[in-house]
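One structure is given below, encoded as structure tokens.
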Amino acid sequence: MKFSVNQKDLQEALSYCQGVIEKRSTLPILSNVLLDAGNSKLMITATDLDLIFIHQINNVEILEEGKTTTSSSIMFDIVRKFSPDKKINLSMNNDSKLQLESDQSTFNLNCISSTEFPLTDENFNQNDFIINSKHFLKLLNKCKFSISNDETRHYLSGIYFHQTEVEDKVYLTAVATDSHRMSISKIRINEKINFDPIILPKKTIFQLCNLLDSYDGDIKISNLKSKIKFELTNSILISKLIDGKFPNYIQVIPKNNQKKLETDLKPFLGSIDRVASVSLDKKDGVKFQLSQDNLNLSVNNTNSGDGNETLKVKFNYDLEISFNSRYLIDVASQLEGDKIELFFNDTGSPALIKDPSDFDSIYVVMPMKG
């Protein structure tokens, strides 16, 4: 095996692999990436057995075709320290080491035979559909912060995707909840698709967000009973799905929240962030004291002190309610317009949060007791 590749292309591919590979894997081969050079292309594959990531670099100068595996983290660390846009020459030498050479630097990395690399080949061609990458990324970003970290309820540790219909319009709807807050967002699709409801794992979601941040184009999505495949122009991500039943989220959406608070988003976000600074762990509730067109925000921490701030808002009632500041900041940071709307019922009931500039997303946040 002998080929030359552009430093920037190789660094980008290997950086994506870092998000897939398990740092403390018991199987040495899972710490490695598979490098397969042939047909003027370099295919780089990383897996942790639940997630497979394949990236293709085109227009690679190949002198000798071949494949091997080597440590993903070490190779990435070396490649990112080479001069940008320089050529890196890679070759296998006699004692089965991979040689990397660029400018005045030469490295020889240990390899494990490519035959030991676990690869599964499945036919995903049954049901697939195409979706715009930016729309799909928006869906992921609006829900991912509500994913649960509770290992005991594995069915909440991902985003639930399913097809919904409203007035003859078809949507791909995403929902995430950790039982203290919930995010629901949807994007319109052109027609009904052959797509069973799925729960996409957290690790896959963050890997997808990473990939889609710098990608503009379409994604082809196809799913098989327990797996899903995302195809981008030069990358493929195959993931296992979470096996479990997502709770009936519709019944959690508040129906009787008639008390509407409307205010400017930036001052609201800034005020909560400032007042919450008093709290050391951000777990202290931010107390809302609401009266006619007036919102007083306060935090009181026995160890560090207290803070409060007053905001002018549109509101016609008297109400006291407390929230985890982190939850409000997470939601407010995802809103796109200049305003935020909060709908309340009473002190002990969840609040419904809407973005007046995005009718396709809503958020539910539980209040804190006391």
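The values are calculated or read from the model by the stated rules, or taken from the named source; none is laboratory data. Everything quoted here is computed from the prediction, not taken from an experiment. For neighbour counting, all protein chains shown are included, and Cβ atoms are generated from backbone atoms with ideal geometry for every residue, glycine included. The accessibility values were calculated without ligands, DNA or RNA, using every heavy atom of the protein model including side chains. Shrake-Rupley method; radii C 1.70, N 1.55, O 1.52, S 1.80 Å.
Scanning segment 234-279 for residues that are among the β-branched types (Val, Ile, Thr) and more than 24 Å from Phe124 (Cβ to Cβ) yields Ile250, Val252, Ile253, Thr263, Ile272, Val275, Val278.
In summary, Gln56 fulfils each of the numbered conditions (1) more than 28 Å from Asn223 (Cα to Cα); (2) of a type in the set (S, T, N, Q); (3) not in a loop (DSSP other than H, G, I, E, B) with the single exception of condition (1).
Go through Leu90, Leu109 for me and flag whichever is in contact (Cβ under 8 Å) with a residue 60 or more places away in the chain, under 30 Å from Glu64 (Cα atoms) and outside any loop (DSSP other than H, G, I, E, B). Walk me through how you get there before you give the answer.
Numbers: Leu109 fails: in contact (Cβ under 8 Å) with a residue 60 or more places away in the chain.
One residue alone meets the criteria, Leu90.
For segment 121-131, does any single residue satisfy the condition of being at pLDDT 95 or above, part of a loop (DSSP other than H, G, I, E, B) and open to solvent by 10 Å² or more (accessible area, probe 1.4 Å)? Scanning segment 121-131, I find no residue that is at pLDDT 95 or above, part of a loop (DSSP other than H, G, I, E, B) and open to solvent by 10 Å² or more (accessible area, probe 1.4 Å), so the answer is no. Within segment 36-57, residues that are under 13 Å from Lys2 (Cα atoms) reach partners that are open to solvent by less than 10 Å² (accessible area, probe 1.4 Å) and not β-branched (Val, Ile, Thr) with beta carbons closer than 7 Å, at six or more positions or on different chains, in the pairs Ala37/Phe3; Leu42/Phe3; Leu42/Leu35. Just one residue in the set Leu137, Leu156, Leu172 is open to solvent by less than 30 Å² (accessible area, probe 1.4 Å), within 21 Å of Phe53 (Cα to Cα) and among the hydrophobic types (A, V, I, L, M, F, W, C); that residue is Leu137. If you go through segment 272-308 one residue at a time, how many are in contact with a strand residue (DSSP E or B) (Cβ under 8 Å, 6 or more places away or on another chain) and closer than 18 Å to Leu342 by Cα? Final tally of qualifying residues: 13.
Contact annotation: residue pairs with Cβ atoms under 7 Å, 6 or more positions apart or on different chains, pairing a residue in segment 342-370 that is open to solvent by less than 10 Å² (accessible area, probe 1.4 Å) with a partner that is aromatic (Phe, Trp, Tyr), are Ala351/Phe343; Ala351/Phe344; Ile353/Tyr363; Val365/Phe323; Val365/Tyr327. In segment 146-259, counting only strands (runs of 3 or more DSSP E) that sit wholly within it, the ones holding 2 or more residues that are closer than 25 Å to Ala13 by Cβ span 198-201, 218-224, 227-231, 235-240. For the criterion of being over 19 Å from the mean Cα position of the chain (by Cα), over 13 Å from Glu116 (Cα atoms) and either open to solvent by 50 Å² or more (accessible area, probe 1.4 Å) or of a type outside the set (A, V, I, L, M) (or both), Asn58 passes. Kindly provide the set of residues from segment 215-242 that are touching a residue at least 60 places away in the same chain (Cβ under 8 Å) and open to solvent by 40 Å² or more (accessible area, probe 1.4 Å), ordered by number. Correct list: Asp216, Asp218, Lys220, Leu224, Asn234, Ile236, Lys240.
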